1. Mind listing whichever residues of segment 148-161 are among the β-branched types (V, I, T) and buried (at least 16 other Cβ atoms within 10 Å of the Cβ)?
2. For segment 73-100, how many residues are modelled with pLDDT of 95 or more and either more than 9 Å from the chain's Cα centre (by Cα) or farther than 25 Å from S40 by Cβ (or both)?
3. Just for segment 80-106: of the residues that are among the hydrophobic types (A, V, I, L, M, F, W, C) and in contact with an Asp or Glu (Cβ under 8 Å, 6 or more places away or on another chain), which one is nearest to Q170 (Cα to Cα)?
4. Restricting the search to segment 93-116, which residues are surrounded by fewer than 19 Cβ atoms within 10 Å (Cβ to Cβ) and either outside any loop (DSSP other than H, G, I, E, B) or among the β-branched types (V, I, T) (or both)?
5. State all residues of segment 118-170 that are modelled with pLDDT under 95 and in a strand (DSSP E or B); if no residue qualifies, say none.
6. Would you check which residues across segment 47-74 are in contact with a Lys or Arg (Cβ under 8 Å, 6 or more places away or on another chain) and either in a strand (DSSP E or B) or without any contact (Cβ under 8 Å) to a residue 12 or more places away in the chain (or both) and list them?
7. Assuming V78 fulfils every condition listed in (1) surrounded by fewer than 22 Cβ atoms within 10 Å (Cβ to Cβ); (2) touching a residue at least 40 places away in the same chain (Cβ under 8 Å); (3) not charged (D, E, K, R) apart from one, which condition is it?
8. Residue by residue through segment 81-91, note down the ones that are touching a Lys or Arg at 6+ places or on another chain (Cβ under 8 Å) and buried (at least 19 other Cβ atoms within 10 Å of the Cβ).
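The values are calculated or read from the model by the stated rules, or taken from the named source; none is laboratory data. What you see is a predicted model, and the numbers here were worked out from it, not measured in a lab. All Cβ positions, glycine included, derive from the backbone under ideal geometry; neighbour counts span all protein chains shown.
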Amino acid sequence: MKKLLLLSAIALVAIGVQAQQGDKSQRPSPPAKVSETISSGAVVSIDYSQPAVKGREIGKEIAPYGQVWRTGANEATVFEVSKDVKVEGKSLPAGKYGLYSIPGKDEWVIIFNKTWKQWGTNYKEGDDALRVNVKPGKAPGFTERMTFTVNKSGKVSLLWGNDEVDFKVQ
């Protein structure tokens, strides 16, 4: 009888974990996706999970300054371009990329990694396709959940907390 109860409990836990993995909307950091056709005709899409600030300090308690960060939560954030583009003036071939960053108070490094289909913490620098440096700014308002926007001119913005990190895709 004890074995039957133990097996039943294990099965219920396994079903719950599988259901949560299958239904990403039930995660604490829900999924989001933004897609825009920019003026060059390329489609820019970002598929990511939205971590929340939850009273933590960005750069210290979450997304630590000077360290590679998965720029989201859960799986790697997927940055996709339908055509060859330039990001901050540097070439990036059409395709899918894992989007990582190195946050900093005065500068962020935006990283496009060739390995996109992976858990977000499995980053390997040797797989980087492109790195660009950008200056962070103050967001127009506080954003609790990390959010990406893309406008038709190709400006990509990461909004989170009081920070706004922009980079240009053409």
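1. Passing the criteria: V150, V156.
2. So the first thing to find is which residues in segment 73-100 are modelled with pLDDT of 95 or more, and the list is 77-100.
Subset that is either more than 9 Å from the chain's Cα centre (by Cα) or farther than 25 Å from S40 by Cβ (or both): 80-97.
Residues in segment 73-100 being modelled with pLDDT of 95 or more and either more than 9 Å from the chain's Cα centre (by Cα) or farther than 25 Å from S40 by Cβ (or both): 18 in total.
3. L92
4. Result: G95, K96, V109, T115.
5. W119
6. Across segment 47-74, the qualifying residues are D47, Y48, S49, A52, I62.
7. So V78 meets the others, but not (2).
8. Residue satisfying the conditions is V87 alone.
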